Amino acid sequence: MTRSHTCYVCKKEFFNAVYWYDSLHDTKHEKRIIRPFCGPACANRYREISDENDYPQRKPLPHGDEWRIIQDIDHIEYETD
Ligand SMILES: [Zn+2]
């Protein structure tokens, strides 16, 4: 089963996510958040409109089930906002 995603930027529903934001890498979010983008345009737009880059990187990366490395969001449940 392949799930659909809702683009965080343009709110379009789509399949086969290639781009997403993952809170694994920055300290802004206490928990794991995934924000899918429908394509490179929205992924680039997100970099312009978000302040994520203003937060320090998480070092070392947290451990545990919630923080496992995600390589594919098409076949998992994830929390978004
Ligand atoms: Zn989009």
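What the table below lists for this structure:
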read-out	value
Among (1) open to solvent by less than 30 Å² (accessible area, probe 1.4 Å); (2) within 16 Å of the ligand (Cβ to nearest atom); (3) part of a helix (DSSP H, G or I), the one test that LEU24 misses	(2)
Selected residue (criterion: farthest from GLU30 (Cα to Cα)) from residues of the range 40-61 that are surrounded by 13 or more Cβ atoms within 10 Å (Cβ to Cβ) and of a type in the set (D, E, K, R)	ARG45
Tally, over the range 1-18, of residues that are more than 9 Å from the ligand (Cβ to nearest atom) and open to solvent by 80 Å² or more (accessible area, probe 1.4 Å)	5
Selection status of LYS31, open to solvent by 100 Å² or more (accessible area, probe 1.4 Å) and either more than 16 Å from the ligand (Cβ to nearest atom) or outside any loop (DSSP other than H, G, I, E, B) (or both)	no
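The values are calculated or read from the model by the stated rules, or taken from the named source; none is laboratory data. These figures come from a predicted structure and were not determined experimentally. FYI the Cβ positions are ideal-geometry reconstructions off the backbone, even for glycines, and counts take in every protein chain you see. The accessibility values were calculated without ligands, DNA or RNA, using every heavy atom of the protein model including side chains. Shrake-Rupley method; radii C 1.70, N 1.55, O 1.52, S 1.80 Å.
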